[in-house]
Amino acid sequence: MIDYSKKRFLVVDDFSEFRTSVTGMLRLMAVKNVDAAARGEEAIAMCRNTAYDVILHDYNLGAGKNGQQVLEELHHAGLISPHCIFVMCTAESSQAMVMSALECEPDAYLTKPFNRASLQQRLDKLVERKLALKPILDAQAKRDQNAVLAACEQIMASNKRFAPQCLRHKAGALKALGKHAELEALLTGLIADRPMPWALVMLGNHWLERGELDRAEEIFTSAIRQFPMLPALFDGLAAVHAARGATDKAQEYLEQGLRISPNSLQRQHDLGKLAKANGDYDKAIRAFRQAVDLGRHSQFRNPDDHLDLAASLNEQAGDSAPAPKALLEIRQTLGDLGKTWKDDAQLVARANLLHANALAKTGDQTTADKLVAEASTLMADLPTFFSADVALEVATQLKQLGREEQAEAVLSTCAEMYGDDAKVMDAIAGQTSNPRILNAGVQAQTLNREGIQAYQQQAFPQALELFRQARELQPRNISFALNTAQSLLRLLLSEPSAELKAECQQCLAQVSTIPVTDPRHARYEKLCKTVASL
Amino acid sequence: MSTDPSNEAATPEPSPEGLDFSTVIASTVHDMKNSLGLLMQAYERWSSALPPELAETAERGMIEYESMRLNGMLVQMLGLYKLGVNQLPMRPNWLEVEDFLQEQLARHDEILRSRHIESSYDVEEDGLMAFLDTELVGSVVGNVINNSIRYARSAIELKAWTEEGQLIIAISDDGQGYPPSMIENQSDYVLGINMSTGSTGLGLYFGQRIAELHQRDGVHGRIELRNDGPLGGGEFRIYLP
């Protein structure tokens with residue numbers, strides 16, 4: 001018999017009847033501590049104050065967040081311990097399962113109506129399972145993937161009934177450790193035995209990440225034949241086609257996934273982006289509208305969806321003025337953005353430029369000029385410069401508004417910061433033929449390349465010298481600063497020097513405004529950590 | 001729990017000609033199921049407040065049994081609709097067969113007790129694992145148990161074992177067994193040809209379709225009706241490769 005008297009329960013359902021009835025069942029199981037909530041938002045707030053052992057959550061709460069959204073937010077905000085048992089209660093489990101993301105599944109689904117005996121039977125098993133898997137969950141909480149692997153092997157060896165869960169955790173750990181060959185062997189073996197949905201999705205995504213697009217496509221396609229209601233498979237196929245540059249097909253597959261699971265914020269966001277890039281503005285507008293709506297109650301909301309909705313409405317009109325209705329929606333969407341993210345100067349500036357662009361086409365030059373002036377003031381004093389993509393977009397807007405000079409200034413900064421990326425330089429070249437911008441980095445980039453060669457040959461002092469020279473020419477370049485810092489660290493590890501350490505810290509401080517979305521952000525953080533530990 | 005199915009289901013877009021009747025039925029059934037769930041909860045709270053001499057009546061067992069049956073039929077109807085439009089999600093996973101059988105009996109706990117029906121389960125091999133969709137197979141087994149409760153005199157047994165790599169789950173009772181004509185013509189029911197017995201026939205059809213969704217190396221699952229069950233009555237078997 002499991003002792004429930006000390007466990008803390010949370011029951012979430014919009015019907016008070018249900019809350020009372022489940023609470024009654026729990027009391028019969030000797031549970032003393034039961035809290036109840038009617039809405040997901042309430043449930044999240046309660047989890048901030050109490051670490052529950054068991055959460056019984058209704059899937060479809062009517063208004064507001066559904067159970068899956070609540071679960072995802074609890075995970076994201078770190079409000080739910082890995083030892084907590086989350087049971088999704090639903091009138092129709094199949095639908096809830098379709099909506100759930102494979103990477104964020106509840107511990108169990110419980111179909112309503114259920115009686116006390118079912119509830120207890122299910123909870124007994126879940127408590128037992130969580131307890132058996134405790135070593136794995138503890139290791140995961142510490143992000144110690146090797147310990148996860150060891151715990152999996154140990155549990156599987158002693159109790160084969162937990163093998164299915166262990167194998168899944170094992171696959172996750174192998175992926176995190178980058179042990180590609182082992183992960184591949186494990187997943188291929190599992191799938192050859194039984195078509196496990198999670199393993200199929202994981203193997204497909206594995207091929208996708210490794211650039212093996214044909215193999216990824218094959219897995220996803222054959223899996224869809226068996227599991228036509230698994231949206232993650234359509235996402236996978238869409239990604240395969242997008243990687244091949246077949247954006248039309250990618251859009252089609254995303255739309256298929258959305259037909260199964262229309263309430264996915266991420267999927268609507270992805271569809272909007274693809275449709276916009278494909279020039280399919282009707283679909284883009286619809287998708288971004290959905291994304292904005294779905295984001296309203298979610299901490300995963302993304303301001304880009306507001307901007308993209310407004311931009312799609314504007315671009316749909318081409319060179320002519322958007323229709324009054326579209327114009328109104330642009331104003332409302334951007335107004336909403338400005339209110340919600342009013343402290344984000346980048347966003348407000350981008351919104352202003354976009355709005356100005358739409359208004360200029362209607363002939364309202366006065367308001368447009370006012371908005372551009374506001375944007376310029378904000379941009380002159382940005383704490384963090386735009387990411388390369390956003391900078392390019394802002395330059396386009398400025399150019400369309402006739403602000404050539406400002407556009408060039410943005411491109412120039414973009415070239416200095418990100419110019420060592422050939423793709424960024426190509427995009428800049430698409431917008432300007434100004435040789436001062438296009439060639440400004442040539443000398444520094446040559447130095448940087450030579451520095452990398454020297455570094456690879458372990459000639460660290462020479463590498464450092466070359467990186468320093470590159471950095472002197474383009475102090476705002478992120479790569480040059482990171483490379484200089486890394487060479488300094490190399491030398492520091494063999495021979496401590498207060499002077500070099502200070503220089504290293506200064507390099508890192510200079511690029512501390514690197515956008516979190518930048519692929520080099522992880523490297524930046526690692527360097528900061530290493531230097532701090534010296 | 002919401003009464004608006006569009007929140008929860010990926011409802012197909014309405015046909016331009018007007019109402020698609022099967023969609024109308026499906027969303028109505030969905031609401032009926034929710035409604036029934038609320039009704040049962042209210043009933044349960046009300047009856048638990050009654051003094052024992054009033055609570056332990058034959059009517060109580062009847063209400064509980066029939067509402068389970070009603071719920072099972074509604075689930076089956078939604079399942080059939082989704083099968084029809086190819087929207088029935090299949091999510092198989094590994095599970096311990098013993099847990100699965102316990103779960104099925106637990107769902108019928110009150111009814112079995114109030115009807116004084118002895119229930120038991122038996123798994124051939126300790127710790128036997130199986131790969132199946134718990135929700136779907138559970139709804140089939142649940143409906144069969146419900147049916148058996150109606151005919152059993154005093155006992156129901158769930159049994160699970162493997163034969164040539166297939167898992168077999170058998171539900172048997174000590175009732176009078178299936179009518180001979182039903183045993184004889186079971187393939188007609190299973191294929192959906194004969195629906196003359198109403199919900200029973202439909203139940204067999206549903207069971208077969210769910211079993212078929214489970215396949216391995218070209219072998220599909222199936223169901224079978226027999227009358228030589230271990231308790232002397234009817235036996236329903238579901239074979240899952």
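The values are calculated or read from the model by the stated rules, or taken from the named source; none is laboratory data. For clarity, every value in this text was computed on a predicted model and none was experimentally measured. All Cβ positions, even for glycine, are placed from backbone atoms using ideal geometry, and neighbour counts span all protein chains on display.
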Residues of region A:49-73 being outside any loop (DSSP other than H, G, I, E, B) and closer than 24 Å to residue A:20 by Cβ, in sequence order, are A:49, A:54, A:55, A:56, A:57, A:58, A:67, A:70, A:71
Within region A:82-96, is there a residue that is of a type in the set (Phe, Trp, Tyr), in contact (Cβ under 8 Å) with a residue 24 or more places away in the chain, crowded, with 21+ Cβ neighbours inside 10 Å and in contact with an Asp or Glu (Cβ under 6 Å, 6 or more places away or on another chain)?
-> yes
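Going by the structure shown, is residue A:436 of a type in the set (Lys, Arg), surrounded by 15 or more Cβ atoms within 10 Å (Cβ to Cβ) and within 29 Å of residue A:506 (Cα to Cα)?
Here the answer is no, as residue A:436 does not meet what is asked.
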Find the residue count for region A:331-348, including only residues that are touching a residue at least 24 places away in the same chain (Cβ under 8 Å) and out of contact with any Phe, Trp or Tyr (no Cβ under 9 Å at 6 or more places or on another chain).
-> 8
Return the residue satisfying two criteria in turn: it lies in region A:377-406 and is farther than 23 Å from residue A:430 by Cα and assigned to a helix (DSSP H, G or I), and of such residues it is modelled with the lowest pLDDT.
-> A:380
Within region A:1-48, work out how many residues are farther than 23 Å from residue A:298 by Cβ, part of a helix (DSSP H, G or I), of a type in the set (Gly, Ala, Ser) and more than 13 Å from chain B (Cβ to nearest Cβ).
-> 0
Based on what the data block shows, is residue B:175 among the small types (Gly, Ala, Ser), surrounded by fewer than 21 Cβ atoms within 10 Å (Cβ to Cβ) and either assigned to a helix (DSSP H, G or I) or in contact with a Phe, Trp or Tyr (Cβ under 6 Å, 6 or more places away or on another chain) (or both)?
-> no
Being surrounded by fewer than 17 Cβ atoms within 10 Å (Cβ to Cβ), within 14 Å of chain B (Cβ to nearest Cβ) and in contact with a strand residue (DSSP E or B) (Cβ under 7 Å, 6 or more places away or on another chain), is that true of even one residue in region A:183-193?
-> no
Determine which member of the set B:131, B:100, B:21 is aromatic (Phe, Trp, Tyr) and without any contact (Cβ under 8 Å) to a residue 24 or more places away in the chain.
-> B:21
Across region A:217-230, what is the number of residues that are in a helix (DSSP H, G or I) and within 29 Å of residue B:134 (Cβ to Cβ)?
-> 9
Got a sec? Which helices (runs of 4 or more DSSP H) wholly within region B:1-59 have at least 2 residues that are at pLDDT 75 or above and facing chain A (nearest Cβ under 10 Å)?
-> B:21-48
Please state which one of B:113, B:153, B:107, B:91 is of a type in the set (Lys, Arg) and more than 13 Å from chain A (Cβ to nearest Cβ).
-> B:153
Of the conditions (1) more than 13 Å from chain A (Cβ to nearest Cβ); (2) over 22 Å from residue B:205 (Cα atoms), the single one that residue B:148 does not satisfy is (2)
Any helices (runs of 4 or more DSSP H) falling wholly within region A:131-213 and containing at least 1 residues that are within 23 Å of residue A:237 (Cα to Cα), touching a residue at least 60 places away in the same chain (Cβ under 8 Å) and of a type in the set (A, V, I, L, M, F, W, C) = A:197-209
Only one of (1) facing chain B (nearest Cβ under 8 Å); (2) part of a loop (DSSP other than H, G, I, E, B); (3) farther than 20 Å from residue A:300 by Cβ does not apply to residue A:121, and that is (2)
How do the pairs read when you match residues in region B:61-76 that are aromatic (Phe, Trp, Tyr) with residues anywhere that are part of a helix (DSSP H, G or I), using Cβ under 8 Å and keeping only pairs 6 or more apart or on different chains?
-> B:65/B:111; B:65/B:146; B:65/B:149; B:65/B:150
Return the pairs, sorted by first residue and then second, in which the second residue is among the aromatic types (Phe, Trp, Tyr) and part of a helix (DSSP H, G or I), the first residue lies in region A:250-263 and is within 14 Å of another protein chain (Cβ to nearest Cβ), the beta carbons are less than 6 Å apart, and the residues are 6+ apart or on different chains.
-> A:256/A:234; A:257/A:234
Note on region A:75-109: residues more than 10 Å from every other protein chain (Cβ to nearest Cβ) and in contact with a strand residue (DSSP E or B) (Cβ under 8 Å, 6 or more places away or on another chain) are A:80, A:84, A:85, A:86, A:87, A:88, A:106, A:107
Does residue B:148 satisfy being in a helix (DSSP H, G or I), crowded, with 21+ Cβ neighbours inside 10 Å, of a type in the set (S, T, N, Q) and in contact (Cβ under 8 Å) with a residue 40 or more places away in the chain?
-> yes
Pairs, please: C-beta under 7 Å, at least 6 apart or cross-chain, first residue closer than 15 Å to residue B:92 by Cβ and in region B:210-225, second of a type in the set (Ser, Thr, Tyr)?
-> B:211/B:239; B:221/B:239
Members of region A:61-88 that are at pLDDT 85 or above, within 20 Å of residue A:14 (Cβ to Cβ) and out of contact with any helix residue (DSSP H, G or I) (no Cβ under 8 Å at 6 or more places or on another chain) = A:71, A:72
Which condition does residue A:165 not pass, out of (1) closer than 30 Å to residue B:84 by Cβ; (2) within 14 Å of another protein chain (Cβ to nearest Cβ); (3) not small (Gly, Ala, Ser), if it passes all the others?
-> (1)
Do we have any residue at all in region A:221-236 that's away from every other protein chain (no Cβ under 14 Å), crowded, with 21+ Cβ neighbours inside 10 Å, under 28 Å from residue B:93 (Cβ atoms) and touching a helix residue (DSSP H, G or I) at 6+ places or on another chain (Cβ under 6 Å)?
-> yes
For residue A:129, indicate whether it is under 22 Å from residue A:81 (Cβ atoms), among the charged types (D, E, K, R) and within 14 Å of another protein chain (Cβ to nearest Cβ).
-> yes
